[in-house]
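The values are calculated or read from the model by the stated rules, or taken from the named source; none is laboratory data. Quick caveat: nothing in here was measured; it's all calculated off a predicted structure. Quick reminder, even Gly has a Cβ in these numbers, built from the backbone with ideal geometry, and neighbours come from all protein chains shown.
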């Protein structure tokens, strides 16, 4: 029998689900075609030894500018912090979330910048900043990054089922994509301090110029944003992705996706059984990533889930890159320090500015 909180959210949830499912997946009219080639695609194993990539260190190149501001959850129309699935007495909800923005020195004010949204902000923003400082001006055209603006968004608090973070990241719907697009991006563009420094700041509308990056549930959220809204976000980076059954049991989305993100690769096998979407996808899992204590609890096995996700992407013919890192754990910083520059280079291959 459905509980009360499920019934309260059912109508809203189905509208959100239908919005995501009905979005056209073809190329956006007027946008540059993607011609990235297959270099770097496929499965890769790294480790057991790791080192910090030089492109992710301060090389003395010109620096951009960093900004920080807050957004109150109560002011949001999408994630107000009062969802019926939450249990704030057990898992506290933040009153406000911090937004960190890095605008690289290579950005030309007045142009429409590509963007990279980083979940669990500030997350790996420092490494991303160094990559931008070094690789937007490199003499090597094969490693040059576009001057994208990095926007690191703090989650709404706590983790797992019945939490605000879990609601944002583990729910199979387009809500997070809409929240970023409709609330966070306008807040960045209209921030007084940012506007004073960059009066002509603008973001590209080309979904191939919009990337998302995250780890753990933030990684699953990156895929979900692109999956449900490929018209908004198409370059997706997920480390130690939570492609397991961590969607809240009371979520109305359970009616369609009862195993949460596990449905991408198993259960409904959404990746293999859906029309191929215009997405470019990086995934990663660590050798000692989160594993279920009980081997029979396959719905909570991170390694299996990520391997199956990679296999599904391969079978469906996606441009994907899957990295398996030996001798590492969940969201291991050594993996980011070793791979993130190469990941960003691969992720932005084929991008052409408007």
>> Can you pull out every residue in region 106-120 that is in a loop (DSSP other than H, G, I, E, B) and over 14 Å from residue 347 (Cα atoms)?
In response: 106, 107, 108, 109, 110, 111, 120
> Pairs, please: C-beta under 7 Å, at least 6 apart or cross-chain, first residue farther than 17 Å from residue 42 by Cα and in region 299-313, second assigned to a helix (DSSP H, G or I) and modelled with pLDDT of 95 or more?
Replying inline: 299/262
> If you scan region 223-256, which residues turn out to be in contact with a strand residue (DSSP E or B) (Cβ under 8 Å, 6 or more places away or on another chain), closer than 24 Å to residue 113 by Cβ and either free of Cβ contacts under 8 Å to residues at least 40 places away in the same chain or not in a strand (DSSP E or B) (or both)?
Replying inline: 223, 225, 226, 232, 233, 234
>> For region 150-173, check the following and say yes or no: at least one residue is in contact with a strand residue (DSSP E or B) (Cβ under 9 Å, 6 or more places away or on another chain), at pLDDT 95 or above and farther than 23 Å from residue 74 by Cα.
In response: yes
>> Being in contact (Cβ under 8 Å) with a residue 60 or more places away in the chain, assigned to a loop (DSSP other than H, G, I, E, B), under 30 Å from residue 179 (Cα atoms) and out of contact with any strand residue (DSSP E or B) (no Cβ under 6 Å at 6 or more places or on another chain) is the filter here; which residues of region 46-85 pass it?
In response: 63, 76, 77, 78, 79, 81, 83, 84, 85
>> Considering only residues that are in contact with a helix residue (DSSP H, G or I) (Cβ under 7 Å, 6 or more places away or on another chain) and either without any contact (Cβ under 8 Å) to a residue 40 or more places away in the chain or not in a strand (DSSP E or B) (or both), which ones fall in region 89-104?
In response: 93, 94, 95, 96, 104
>> If I ask for residues that are closer than 12 Å to residue 232 by Cβ and assigned to a helix (DSSP H, G or I), which ones from region 185-222 would you list?
In response: 185, 207, 208, 209
